[in-house]
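Participant: Quick one: structure below, then a few questions.
Laboratory data are not the source of any read-out in this text; all were calculated from the coordinates shown. Just so we're clear, the structure is a prediction, and the values are computed from it rather than from any experiment. Glycine gets a Cβ as well: all are built from the backbone with ideal geometry, and neighbour counts include every protein chain shown.
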Amino acid sequence: MAEWVDTGALADLTRKGRRVVKIGGKQILLIESGGRVFACNNRCPHEGYPLSEGTLGTACTLTCNWHNWKFDLASGDTLVGGDRLRQYPVEIREGHVWIDVSQPPSDALKERALANLAEAADDNDYERMAREVARYLKSEGDALEPLRQAVARSAARFEYGMTHAYAAAADWLALADSAQTREERLAALVEPLAHIAWDTLREAEYPFTNEAIAWDGDAFAACIEAEDEAGAIGRLNGALVQGARLLPEIRRALGRAALAHYQDFGHSAIYVRKGFELIERLGAVAAGPVLRALTRSVIYATREDRIPEFRHYAKALAAWGAGAAGNATAPAVFVGLSVNAALDRVVAMPGDSVDKYRTLLEANARAMLRFDTAVDAHTAKPVSHNVRWLDFTHALTFANAVRVDLRRAARSVAASASAACLFSGAQCTICACGGGWGLGGPRC
Ligand code: FES
C-alpha cells in the first residue's frame, strides 16, 4: 500500500537544487532539475557514501564522486557501476513535494536481489554478489536459495564437470551455520557463489543430454568407464525422474566408478562425498544439476593409474584380498618405499581392510610430521621427488571421503559386493595417493 509523505515546499527545493530528508531511519535525497523532481536513497548503493555530495550532469545523470558510479535519475538505470539506486515515486501537491516511501513487497525484493545476483555472478563482481545476498537476506529470503540457483545456472557450464566450487560449498554452509556474526555468515554464504562464478566465468553452456534411459547402476558405471557421457547422463536422468528414491544407488555407483581408477589424485572420490553432502544441504531440487556435473567430472577425470608412476594400481586392486597371515605392519615400514613397493606392501599386509586403512593413515600422519616444507618450493627436481604439502592434506581429505562413504555403504548394504568393491578400491587409492606417494619420496 502506498505511503505518501510530505517532504516540504517545492519552492525551497527549487531554490537549493537538492535536500536530504530523513524518513523512517532512511536518508532520502530530493533533487530538482529542469522542472523535474527526483527522489532516491541518499546512500550510494555501492559503498554508502552520500549522493547529496554527487555531481548532477546533463540528462539527469547523478555521479557519485567516490568511485564514479553514475545513475540516470529519469530512467532509474545505473549507467556506470552495478547495483540499482532505489528511487521513490514523487507527486507535487499544492506546492509541496510528496514521496511514496512504501516498501515493495518482500517477494519482489527477493526476486530482484536474485536477478541482480545472477548479473553480478556473470560479471564475477564479488562485492556486488555480497551486497545482493545481504539484500536478499534482509528481505527474509531463504539463505540457501542463492546457492540453489547458482548451482542450477552453473551445472552445464563446467566443461569437465564439477570443480572445487561445488565440493567446498557444503563446508561453507556449515561455516555459515556456526558464524558468530552477521558479517561472518554473509561471507560464508557468498564464498561458494563467488567460487562458482569464477569457475564458470565466460564459459559457454555444455548441455547435458535430456534423454532418460532406464536406471541400471552397472550400465551407468560402464558408461563412465567408457567415457560415454550421453549414456551415463541418460541413465542418471532415468534415475532422477523417480525422485530421490534412487539417490543411494546412484551414490554407490558413482563411488565405485570414482575408485575404479586411481584418478584425479583422489578428487573423484572426494567429489562424490562432497557432491552428495551438497545435495543433502540444498535438498532434492539440487540433485539433478549437482549429479550431472559430478558424473561429468568422474567421466573426464584424468586416470593417473595409466601413467607409469601409478600403473601398478590396477594390479594391486586386482590382487586385493585378506592379505597374508602374520604380525601387523608398522606404519614406519612405508617410509621411503616407492609407489609400487608401497602398493605391493599394502596388498600383502596381514589384517583386514580397516587395519590397513588405519596403518596407511598413520603412515601419512608420520610423513606429514617429517615433511620439510621447503620441498614445496623446489622447481628443479625429478617428478618422482615432486612431493608437496598438498599431497598429505589431500590424503586426509580423501581418507575422510572413503571413511564417510564406507560407513554409508556398510549401513545400507552391509557385506554386499558393492561395499567390498568400494572398500578395497579405497585402500589402494589411499596408498598410491597420500601414503605411498608421499612416503616414497626421498625427503620422508
Ligand atoms: S560509494 Fe558511490 S560510487 Fe562508490
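One line per residue, one yes/no per condition, for (1) assigned to a helix (DSSP H, G or I); (2) in contact (Cβ under 8 Å) with a residue 60 or more places away in the chain:
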{"site": "Glu277", "(1), (2)": "yes, yes"}
{"site": "Val290", "(1), (2)": "yes, yes"}
{"site": "Val298", "(1), (2)": "yes, yes"}
{"site": "Gly326", "(1), (2)": "no, no"}
{"site": "Asn340", "(1), (2)": "yes, no"}
{"site": "Leu343", "(1), (2)": "yes, yes"}
{"site": "Lys356", "(1), (2)": "yes, yes"}
{"site": "Ala374", "(1), (2)": "yes, no"}
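Participant: So, in segment 35-70, how many residues would count as being away from the ligand (no atom under 14 Å from the Cβ) and either of a type in the set (Asp, Glu) or touching a residue at least 40 places away in the same chain (Cβ under 8 Å) (or both)?
Facilitator: 3
Participant: Just a yes or no: is a residue in segment 38-45 within 13 Å of Ile99 (Cα to Cα), basic (Lys, Arg), within 43 Å of the chain's Cα centre (by Cα) and part of a strand (DSSP E or B)?
Facilitator: Among the residues of segment 38-45, not one is within 13 Å of Ile99 (Cα to Cα), basic (Lys, Arg), within 43 Å of the chain's Cα centre (by Cα) and part of a strand (DSSP E or B), which makes the answer no.
Participant: Still on this structure: Would you point out the residue of segment 6-34, among those that are in a strand (DSSP E or B) and over 17 Å from Glu91 (Cα atoms), that is nearest to the ligand (Cβ to nearest atom)?
Facilitator: Gln27
Participant: Look at Val354 and say whether it is surrounded by 17 or more Cβ atoms within 10 Å (Cβ to Cβ) and more than 30 Å from the chain's Cα centre (by Cα). First the steps, then the outcome.
Facilitator: Values: surrounded by 17 or more Cβ atoms within 10 Å (Cβ to Cβ): no; more than 30 Å from the chain's Cα centre (by Cα): yes.
So Val354 fails the test.
Participant: Out of (1) β-branched (Val, Ile, Thr); (2) free of Cβ contacts under 8 Å to residues at least 40 places away in the same chain; (3) under 29 Å from Leu406 (Cβ atoms), what's the single condition that is false for Ile233?
Facilitator: Every listed condition holds for Ile233 apart from (2).
Participant: Exactly one of (1) within 16 Å of the ligand (Cβ to nearest atom); (2) over 33 Å from the mean Cα position of the chain (by Cα); (3) assigned to a strand (DSSP E or B) is unmet by Ile99. Its number?
Facilitator: (1)
Participant: Any idea which residue in segment 71-96 is farthest from the ligand (Cβ to nearest atom), counting only those that are under 34 Å from the mean Cα position of the chain (by Cα) and assigned to a strand (DSSP E or B)?
Facilitator: Leu79
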